[in-house]
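The values are calculated or read from the model by the stated rules, or taken from the named source; none is laboratory data. Just so it is clear, the structure is predicted and the values come from calculations on it, not from any experiment. Counting neighbours? That spans all protein chains shown, and the Cβs are built from the backbone with ideal geometry, glycine included. Just the protein is used for accessible areas: all its heavy atoms, side chains included, with ligands, DNA and RNA removed. Shrake-Rupley method; radii C 1.70, N 1.55, O 1.52, S 1.80 Å.
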Amino acid sequence: MLTEEQFSYLAKKYMDTVFRLALHYTKSRSESDDITQEVLLKLYRADKAFESEDHVRHWLIRVTVNECKRAFLSPWKRTEPIEDYAEQLAFKTPEHSELFHAVMALPQKYRVPLFLHYYEGYQTDEIAALLHRPASTVRNQLRDARGKLKEALGGEPV
């Protein structure tokens, strides 16, 4: 079981990661807030001995994916226009804003692997384990997502 100090440190460090993953999964800020809260509660209550900080990070991402899937089963699932959330974000450049909108316009099966690979630094084998998909499927989804993004952002399709 984690001490208050350990939990505080881990919650502060990984709360944004959990939220961003949930947002990429659900496209709903309020749903992502709820999922983040639920995941952090599970971490607080976890009666588990974590081997390392990487183990905690992996566990949090796995629990977040499971919570996102559970949220999609709910008949009360909410969706919100992504533009409402995007207005609250401060992008460094117009290109960052354009990229955010292009990524969020992709189907979920592409958004989540992209987020885990490019923002969280996971390799395809690790993403496959987290999402319970074959590694070849993850590689194909990343390739297809890059092609769709290139096309959406004005490049030539792959």
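Within the range 1-40, being closer than 10 Å to Thr64 by Cβ and hydroxyl-bearing (Ser, Thr, Tyr) holds for Tyr14, Thr17, Tyr25, Ser32, Thr36.
Give the residue that is nearest to Cys68 (Cα to Cα), with candidates limited to residues of the range 131-158 that are of a type outside the set (Val, Ile, Thr) and assigned to a loop (DSSP other than H, G, I, E, B). Applying the filter and picking the extreme gives His132. If you go through the range 35-49 and pick out every residue that is under 13 Å from Gln6 (Cα atoms) and surrounded by 17 or more Cβ atoms within 10 Å (Cβ to Cβ), you end up with 2.
Which pairs turn up if I take residues in the range 97-114 that are among the hydroxyl-bearing types (Ser, Thr, Tyr) and look for partners that are modelled with pLDDT under 90 and open to solvent by less than 20 Å² (accessible area, probe 1.4 Å) with beta carbon separation below 9 Å, at least 6 apart in sequence or on another chain? From residues that are among the hydroxyl-bearing types (Ser, Thr, Tyr), the pairs are Ser97/Ala86; Tyr110/Val103. Among the residues here, Ala128 does not qualify as over 12 Å from the mean Cα position of the chain (by Cα), at pLDDT below 90, assigned to a helix (DSSP H, G or I) and surrounded by 13 or more Cβ atoms within 10 Å (Cβ to Cβ).
So which residues in the range 23-56 are in contact (Cβ under 8 Å) with a residue 60 or more places away in the chain and in a helix (DSSP H, G or I)? Of everything in the range 23-56, those that are in contact (Cβ under 8 Å) with a residue 60 or more places away in the chain and in a helix (DSSP H, G or I) turn out to be Leu23, His24, Tyr25.
Residues in the range 88-123 that are part of a helix (DSSP H, G or I) and either closer than 21 Å to Glu67 by Cα or modelled with pLDDT of 95 or more (or both): Met104, Gln108, Lys109, Tyr110, Arg111, Val112, Pro113, Leu114, Phe115, Leu116, His117, Tyr119. In the set Tyr9, Tyr85, only one residue is at pLDDT 95 or above and farther than 15 Å from Gln108 by Cβ; that residue is Tyr9.
Among the residues in the range 52-74, are any of a type outside the set (A, V, I, L, M, F, W, C) and at pLDDT below 85? Yes, the range 52-74 contains at least one residue that is of a type outside the set (A, V, I, L, M, F, W, C) and at pLDDT below 85.
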